[in-house]
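Colleague: One structure, pasted below without further comment.
The values are calculated or read from the model by the stated rules, or taken from the named source; none is laboratory data. Everything numeric here is computed off the predicted structure, so don't read it as measured data. Here the Cβ is made from the backbone with ideal geometry for all residues, glycine too, and neighbour counts use every protein chain on show.
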Amino acid sequence: MKTVVAYLDAAATTRVLPQVAEVVLHWMSEDFGNAGSRTHEYGTRAKKAVARAREGIATHLGVRPDELIFTSGATESNNIALLGLAPYGAEHGRRHIVSTAIEHKAVLEPLEHLEAQGFEIDLIEPGPSGRVSAEAVLERVRPDTLLVSVMQVNNETGVIQPVAELAEHLRATETYFHVDAAQGFGKLPESLRAPIDLISFSGHKIGAPKGIGGLVVRRRGRVAAPLKPLMFGGGQERGLRPGTLPVPLIAGLSTALETFENEHTKWLAAAEEFRSRLLVALRKTRFHLHGDQEHVMPHILNLSFEGVDAEALILQLKSYAAVATGSACTSASYTPSHVLAAMQLPQEQISNGLRLSWFPDQANELDVDEFVDVIAGYQAGVQTSTLA
């Protein structure tokens, strides 16, 4: 058995960067003050650290610092954006919401909740490409459409959605636009600088700690989306997210993003190089790639192997690499991918989609040829058994 198991599940989470861990530890054990404490230096230093982090992250996203609130991550941010906007929609007779059938459950489940409250939810299926067209979204928008919600990058296929194009069109309407940027935050900054009203993101996909992320509430002129808080008990974060600010996690998020920005070009090239090597090696097997490969992130590969059960294959690969069948949030009890189903792929591909996702430094721990030989050997054995 191999002693090193390569990590190919970076779309689920990533290893905290060493420099980030140092920063987090510092703000946990030395400068451990509460950013809300105003009577001593510990609190002042904590408050300044939060302000520096907010300014840096806001600059990266092309927004003002006061348009960014810190949350526990994209799931909470999605809930604040979707459920927090609903009272305004109900009050003004705008109960129609357009989204896609390939969204993360952190969007789809709040939308199901709103549907039960009388909202009309219009989910668009992207077809085999896994990419919705801006036209398909815009043609669903009506005078009573409160919100359009489209993810930046699909978490299972890595397919990039046309959020910048949608933002430009929707800005001229009264419909608000929300983007779940959990997979693209830090990696595709340009499209998030488009005039998107609400942006949700997490830090743990780019080497920050788990449990920290944010929500951008971008103003239209002087007016921001009229969100109502979901929790009460303090005035922190413009009253939208009460509670003591997690200064160590916020500082860690800021450091992770700074590091990622500095290495961004190099990271993209290395991720693409690993992808190319892997695809060349996979020619030894019979496989199907899922999603539009012209509009895809370089570090995510979704595929299925002909005649091979994905769950059984993962067991064969566990000594070589950590891989997944899809979203980490639904992997505890395996069900066929709702993303691949919405793409209308053949049933065998829907049931056996495998997601490989990587950060280059961890992916390079993998012997690609040996990894693929295991897949090819297992596939050949399955075929022989079937023929027998």
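Colleague: Does residue 185 fit the bill of being assigned to a loop (DSSP other than H, G, I, E, B) and touching a strand residue (DSSP E or B) at 6+ places or on another chain (Cβ under 7 Å)?
Modeller: Here the answer is yes, as residue 185 does meet what is asked.
Colleague: Being assigned to a strand (DSSP E or B) and hydrophobic (A, V, I, L, M, F, W, C) is the filter here, so list the residues in region 200-229 that pass it.
Modeller: 201, 215, 216, 217, 223
Colleague: Follow-up question, since we're still on this one. Mind checking which residues of region 202-212 are more than 18 Å from residue 299 (Cα to Cα) and buried (at least 24 other Cβ atoms within 10 Å of the Cβ)?
Modeller: 212
Colleague: Every residue in region 178-196 that is out of contact with any helix residue (DSSP H, G or I) (no Cβ under 8 Å at 6 or more places or on another chain) and buried (at least 24 other Cβ atoms within 10 Å of the Cβ), please.
Modeller: 183, the sole residue that qualifies.
Colleague: Which of the residues spanning region 150-169 are within 22 Å of the chain's Cα centre (by Cα), within 19 Å of residue 219 (Cβ to Cβ) and crowded, with 16+ Cβ neighbours inside 10 Å?
Modeller: Hits for region 150-169 are 163, 164, 166, 167.
Colleague: Moving on. Can you run down the residue pairs with Cβ atoms below 7 Å, 6 or more apart or on separate chains, where the first is in region 199-225 and farther than 14 Å from residue 12 by Cβ and the partner is hydroxyl-bearing (Ser, Thr, Tyr) and surrounded by fewer than 23 Cβ atoms within 10 Å (Cβ to Cβ)?
Modeller: 211/72; 212/72; 213/72
Yes/no matrix, rows are residues, columns are (1) over 19 Å from residue 176 (Cβ atoms); (2) buried (at least 20 other Cβ atoms within 10 Å of the Cβ):
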residue: 4; (1), (2): yes, no
residue: 22; (1), (2): yes, no
residue: 31; (1), (2): yes, no
residue: 43; (1), (2): yes, no
residue: 66; (1), (2): no, no
residue: 98; (1), (2): no, yes
residue: 107; (1), (2): no, yes
residue: 113; (1), (2): no, no
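Colleague: Let me ask another. Could you tell me whether region 51-64 includes any residue that is assigned by TED's automatic domain parsing to the domain that holds residue 150, at pLDDT 95 or above, hydrophobic (A, V, I, L, M, F, W, C) and exposed (fewer than 15 other Cβ atoms within 10 Å of the Cβ)?
Modeller: Within region 51-64, one or more residues are assigned by TED's automatic domain parsing to the domain that holds residue 150, at pLDDT 95 or above, hydrophobic (A, V, I, L, M, F, W, C) and exposed (fewer than 15 other Cβ atoms within 10 Å of the Cβ).
Colleague: How many of the residues in region 10-22 are assigned to a loop (DSSP other than H, G, I, E, B) and out of contact with any Lys or Arg (no Cβ under 9 Å at 6 or more places or on another chain)?
Modeller: 2
Colleague: I would also like to ask the following. Would you tally the residues in region 164-182 being under 18 Å from residue 76 (Cα atoms) and either touching a Leu at 6+ places or on another chain (Cβ under 8 Å) or in a loop (DSSP other than H, G, I, E, B) (or both)?
Modeller: Residues flagged as under 18 Å from residue 76 (Cα atoms) and either touching a Leu at 6+ places or on another chain (Cβ under 8 Å) or in a loop (DSSP other than H, G, I, E, B) (or both) within region 164-182 amount to 5.
Colleague: A further question on this structure: Between 325, 335, which is of a type in the set (Val, Ile, Thr), free of Cβ contacts under 8 Å to residues at least 40 places away in the same chain and either touching a Cys at 6+ places or on another chain (Cβ under 6 Å) or buried (at least 21 other Cβ atoms within 10 Å of the Cβ) (or both)?
Modeller: 325
Colleague: Considering only region 230-258, state which residues are assigned to a helix (DSSP H, G or I) and at pLDDT 95 or above.
Modeller: 247, 248, 249, 250, 251, 252, 253, 254, 255, 256, 257, 258
Colleague: Give me the pairs, please: first residue somewhere in region 239-261 and in contact (Cβ under 8 Å) with a residue 24 or more places away in the chain and in the same structural domain as residue 60 (by TED's automatic domain parsing), second residue anywhere and among the polar types (S, T, N, Q) and buried (at least 20 other Cβ atoms within 10 Å of the Cβ), beta-carbon distance under 6 Å, and either six or more positions apart or on two chains.
Modeller: 241/71
Colleague: Moving on. Give the residues of region 32-52 that are in contact (Cβ under 8 Å) with a residue 12 or more places away in the chain and in contact with an Asp or Glu (Cβ under 9 Å, 6 or more places away or on another chain), sorted by residue number.
Modeller: 33, 45, 46, 49 - these are the residues of region 32-52 that are in contact (Cβ under 8 Å) with a residue 12 or more places away in the chain and in contact with an Asp or Glu (Cβ under 9 Å, 6 or more places away or on another chain).
Colleague: So if I check each of 69, 80, 102, which one is at pLDDT 95 or above and in a loop (DSSP other than H, G, I, E, B)?
Modeller: Being at pLDDT 95 or above and in a loop (DSSP other than H, G, I, E, B) holds for just one of 69, 80, 102, which is 102.
Colleague: Could you please let me know if residue 298 is within 24 Å of residue 184 (Cβ to Cβ) and surrounded by 15 or more Cβ atoms within 10 Å (Cβ to Cβ)?
Modeller: yes
Colleague: Would you check which residues across region 205-230 are over 19 Å from residue 149 (Cα atoms), of a type in the set (Lys, Arg) and out of contact with any His (no Cβ under 6 Å at 6 or more places or on another chain) and list them?
Modeller: 205, 222
Colleague: Tell me, which residue of region 234-252 that is touching a Phe, Trp or Tyr at 6+ places or on another chain (Cβ under 8 Å) and of a type in the set (A, V, I, L, M, F, W, C) is surrounded by the fewest Cβ atoms within 10 Å (Cβ to Cβ)?
Modeller: 245
Colleague: Let me ask another. Those residues that are in a helix (DSSP H, G or I), within 28 Å of residue 199 (Cβ to Cβ) and touching a Ser or Thr at 6+ places or on another chain (Cβ under 9 Å), I need them from region 23-49; list them, please.
Modeller: Scanning region 23-49 gives 23, 24, 46, 47, 49.
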